[in-house]
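Quick notes on the structure that follows.
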Amino acid sequence: CVCVLVCLCACLRVCVCVCVCLCVCVDVRTGAGAMDCSGQHATPDGPAASLRPLPGASAFGTSMPSDALATEAGAVGGRCGGAIGGGVGGGDFAGLQALRGSADGLFAAIETRLREAARREQEADAVREQSRHEREDFERQCAEVRASMDIARELLQAERRELEDEKARMQAPDARRSDVLSLNLGGERVVQRRRSTLCAVEDSFLAARFSGRWEQELDLDEDGKYFINYPPELFLPLLDYLGAKETEGPARQLPLPLGPDGQRPQFQAMLRYFGMLPAVSILDVLQIPYEDVAGSDHGLAFEILPKNNSLMLVALETCAGRFVTNVATATVYICQGTLVRRLRQRDEWRQAAVCSLRPGLSSRIELSEPVRLQANCQHCVYIATNHANGIAYGGGARGGTDVCGENEDLCVYAARTSGSMVPFAGFEGFLYWHKFNGKLEYTLVDGI
């Protein structure tokens, strides 16, 4: 449509030029000017004034539609043809000038529409360019996702192959339970035991290591002997226990050895490493967060009662008072009996641990060796410190029978405080009871 209008306008421009030339020729032929019927010179206000600009010629603009342009172009062409066919007088010169102005307005409108079309074409190009960039970004993201999925698939396949290999080793071990193994104990002594002896406690880590499934993972010395990273004085009592366990059979319960004197904590740590000890249970009697605790004193003593099962007390957790500048040194004593009676019998207590308590922070007290607590028998725990605010406690209690916390295995009763730095002193003049604020870690004896 735009091209047709451009051609039509070019034709109109030629027609206007032809009309102007005819007018000039007529003026030259008739002399100084044409005369109207009355013999007077024609003026712009005379009969030639009847030739006016086309209606709407001054209204050409960007808002004129294409059909309006075509109508106007037809009107201009018709008038131009009438002027040529009927002859052009002197008075028609002004009309032709108006016709030329109308044609110029039409050309301006067309140019405006062309610019508008060019602008829209540029906008369309910009939209296409943006769409192309978005498509490229989307394709790049898809490629990255596919690459990450490929990597994850490869890792999953590798893990699956490892799992299948492990399953094959477990189903068809090369070792036999009757094999005799040479053990290098800490590089100090070599002993020999059957594989079945080392696997006497089923579901333990030691049994899993020597079951034959992890034969290639075991440590060997330069002579091909299995290396045990524990000294003979620690590992030999365990071997004796395993031999007795194998001989007696799984039906009979044998107590675990306590280990050599002076090395019982290390022996307990070794048992825990080899999975010989049961999982540790925790009784939480924390009344107040450690950082918010307010009450504290030199010492704290309280009763605990195992219920239906005997326990092995492993560790305690508590904190020092807020007014301790650095740490407070604490000593833990334990005995069997009631608190009111045992506080006057110092010889009945035995020392279980020495540790440091931090002010307002969790401080774990691991006992030098687990303490056995008989079922349905009362036991006492006394924590003595070297500072006036060495041990923090919770809220108040009405008496020694108030329960601070309990679960299905253990019950903790109210505590009394000591105002003296001397152990087992300072309890006489105090009539108030408080609550132990901390935790107790223990294992069931039946699980050992």
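Got at least one residue in the stretch 390-400 being assigned to a strand (DSSP E or B) and modelled with pLDDT under 90? Steps first, please.
First pass over the stretch 390-400, keeping only residues assigned to a strand (DSSP E or B): 391-392, 396-397.
Now drop any that are not modelled with pLDDT under 90, which leaves 396-397.
Looking for residues that are assigned to a strand (DSSP E or B) and modelled with pLDDT under 90, one finds at least one in the stretch 390-400, hence yes.
Could you pull out the residue among L239, L258, L300, L286 that is over 39 Å from the mean Cα position of the chain (by Cα), at pLDDT 90 or above and farther than 16 Å from L198 by Cβ? Explain how you work it out, then say what you get.
Details: L239 fails: farther than 16 Å from L198 by Cβ; L258 fails: at pLDDT 90 or above; L286 fails: over 39 Å from the mean Cα position of the chain (by Cα).
After applying the criteria, what remains is L300.
I'm trying to understand the selection: among the residues of the stretch 4-14, which are open to solvent by 50 Å² or more (accessible area, probe 1.4 Å) and either under 60 Å from the mean Cα position of the chain (by Cα) or modelled with pLDDT of 70 or more (or both)? Lay out the reasoning, then the answer.
Within the stretch 4-14, the subset open to solvent by 50 Å² or more (accessible area, probe 1.4 Å) is 4, 6-8, 10-11, 13-14.
Once the filter is applied, which keeps residues that are open to solvent by 50 Å² or more (accessible area, probe 1.4 Å) and either under 60 Å from the mean Cα position of the chain (by Cα) or modelled with pLDDT of 70 or more (or both), the stretch 4-14 yields V4, C7, L8, A10, C11, R13, V14.
Any chance the stretch 237-258 includes a residue that's in contact with a strand residue (DSSP E or B) (Cβ under 8 Å, 6 or more places away or on another chain) and farther than 20 Å from V180 by Cα?
yes
Within the set of pairs 6+ apart or on separate chains, which have a first residue in the stretch 224-236 that is open to solvent by less than 30 Å² (accessible area, probe 1.4 Å), a second that is in a helix (DSSP H, G or I) and at pLDDT below 90, and C-beta atoms under 7 Å apart?
L234/Q266; L234/F267; L234/M270
Among the residues of the stretch 394-407, is any buried (at least 19 other Cβ atoms within 10 Å of the Cβ) and either polar (S, T, N, Q) or more than 43 Å from the chain's Cα centre (by Cα) (or both)? First the steps, then the outcome.
Of the residues in the stretch 394-407, the ones buried (at least 19 other Cβ atoms within 10 Å of the Cβ) are 394, 397, 404-405.
Applying the additional criterion that residues be either polar (S, T, N, Q) or more than 43 Å from the chain's Cα centre (by Cα) (or both) yields 397.
Yes: the stretch 394-407 contains one or more residues that are buried (at least 19 other Cβ atoms within 10 Å of the Cβ) and either polar (S, T, N, Q) or more than 43 Å from the chain's Cα centre (by Cα) (or both).
Please pick out the residue among E166, E188, E202 that is modelled with pLDDT of 75 or more and more than 17 Å from G275 (Cα to Cα). Give the steps one after another, and end with the answer.
On the way: E166 fails: modelled with pLDDT of 75 or more; E202 fails: more than 17 Å from G275 (Cα to Cα).
Being modelled with pLDDT of 75 or more and more than 17 Å from G275 (Cα to Cα) holds for just one of E166, E188, E202, which is E188.
Given the conditions (1) modelled with pLDDT under 95; (2) under 44 Å from the mean Cα position of the chain (by Cα), and given that T318 satisfies all but one, which numbered condition is not satisfied?
It fails just one condition, (1).
Taking the stretch 409-443 on its own, how many of its residues are touching a Ser or Thr at 6+ places or on another chain (Cβ under 9 Å), more than 22 Å from S363 (Cα to Cα) and of a type outside the set (A, V, I, L, M, F, W, C)?
Residues that pass the stated criteria total 3.
Could you run through the stretch 383-440 and say how many residues are without any contact (Cβ under 8 Å) to a residue 40 or more places away in the chain, among the hydrophobic types (A, V, I, L, M, F, W, C) and out of contact with any Phe, Trp or Tyr (no Cβ under 7 Å at 6 or more places or on another chain)? Talk me through it step by step, then tell me what you get.
If we filter the stretch 383-440 for residues that are without any contact (Cβ under 8 Å) to a residue 40 or more places away in the chain, which is where we start, we get 396-399, 401-403, 422, 425, 428-433.
Cutting the leftovers down to among the hydrophobic types (A, V, I, L, M, F, W, C) gives us 397, 403, 422, 425, 430-431, 433.
Those left that are additionally out of contact with any Phe, Trp or Tyr (no Cβ under 7 Å at 6 or more places or on another chain): 422, 425, 430-431, 433.
Total meeting the criteria: 5.
Assess whether Q253 counts as being assigned to a loop (DSSP other than H, G, I, E, B) and more than 39 Å from the chain's Cα centre (by Cα).
On the way: assigned to a loop (DSSP other than H, G, I, E, B): yes; more than 39 Å from the chain's Cα centre (by Cα): yes.
Against the criterion (assigned to a loop (DSSP other than H, G, I, E, B) and more than 39 Å from the chain's Cα centre (by Cα)), Q253 qualifies.
What's the number of the condition Q351 fails, among (1) polar (S, T, N, Q); (2) part of a loop (DSSP other than H, G, I, E, B); (3) free of Cβ contacts under 8 Å to residues at least 24 places away in the same chain?
(2)
Within the stretch 260-286, take every residue that is aliphatic (A, V, I, L, M), in contact with a Lys or Arg (Cβ under 8 Å, 6 or more places away or on another chain) and open to solvent by 20 Å² or more (accessible area, probe 1.4 Å) and give me the one that is farthest from F205 (Cα to Cα).
The first filter runs over the stretch 260-286 and keeps only residues aliphatic (A, V, I, L, M), leaving 269-271, 276-277, 279-280, 282-283, 285-286.
Of the ones still in play, those that are also in contact with a Lys or Arg (Cβ under 8 Å, 6 or more places away or on another chain) are 282-283, 285-286.
Among the residues that remain, those that are also open to solvent by 20 Å² or more (accessible area, probe 1.4 Å) are: 282, 286.
Numbers: I282: 23, L286: 33 Å.
The selected residue is L286.
Looking at Q141, Q157, can you tell me which residue is farther than 30 Å from L238 by Cα, open to solvent by 100 Å² or more (accessible area, probe 1.4 Å) and either modelled with pLDDT under 90 or not in a strand (DSSP E or B) (or both)?
On the way: Q157 fails: open to solvent by 100 Å² or more (accessible area, probe 1.4 Å).
The unique qualifying residue is Q141.
With (1) open to solvent by 60 Å² or more (accessible area, probe 1.4 Å); (2) within 30 Å of F427 (Cβ to Cβ); (3) of a type outside the set (F, W, Y) as the list, and E248 as the residue in question, which single condition is left unmet?
Single failed check for E248: (2).
Anything in the stretch 329-344 that is open to solvent by 60 Å² or more (accessible area, probe 1.4 Å), under 21 Å from L305 (Cα atoms) and either under 41 Å from the mean Cα position of the chain (by Cα) or not basic (K, R) (or both)? List them, or say none. Please lay out each step first, then the result.
Filtering the stretch 329-344 down to residues open to solvent by 60 Å² or more (accessible area, probe 1.4 Å) leaves 329, 336, 340-341, 344.
Right, trim to under 21 Å from L305 (Cα atoms) and you get 336, 340-341, 344.
Answer for the stretch 329-344, where residues must be open to solvent by 60 Å² or more (accessible area, probe 1.4 Å), under 21 Å from L305 (Cα atoms) and either under 41 Å from the mean Cα position of the chain (by Cα) or not basic (K, R) (or both): Q336, V340.
For the stretch 331-380, how many residues are among the hydroxyl-bearing types (S, T, Y) and at pLDDT below 90? Reasoning before the result, please.
Taking the stretch 331-380 first, the residues among the hydroxyl-bearing types (S, T, Y) are 331, 333, 338, 356, 362-363, 368.
Cutting the leftovers down to at pLDDT below 90 gives us 368.
Count: 1.
Which of the residues belonging to the stretch 191-206 are crowded, with 19+ Cβ neighbours inside 10 Å and of a type in the set (A, V, I, L, M)?
Of everything in the stretch 191-206, those that are crowded, with 19+ Cβ neighbours inside 10 Å and of a type in the set (A, V, I, L, M) turn out to be L198, A200, V201, L206.
Those residues that are farther than 19 Å from T338 by Cα and among the acidic types (D, E), I need them from the stretch 276-325; list them, please.
D284, E291, D292, D297, E317
The values are calculated or read from the model by the stated rules, or taken from the named source; none is laboratory data. Just so it is clear, the structure is predicted and the values come from calculations on it, not from any experiment. In this analysis, Cβ positions are derived from the backbone assuming ideal geometry, glycine residues included, and neighbour counts consider all displayed protein chains. In case anyone asks, the SASA skips ligands and DNA or RNA and just uses the protein heavy atoms, side chains included. Shrake-Rupley method; radii C 1.70, N 1.55, O 1.52, S 1.80 Å.
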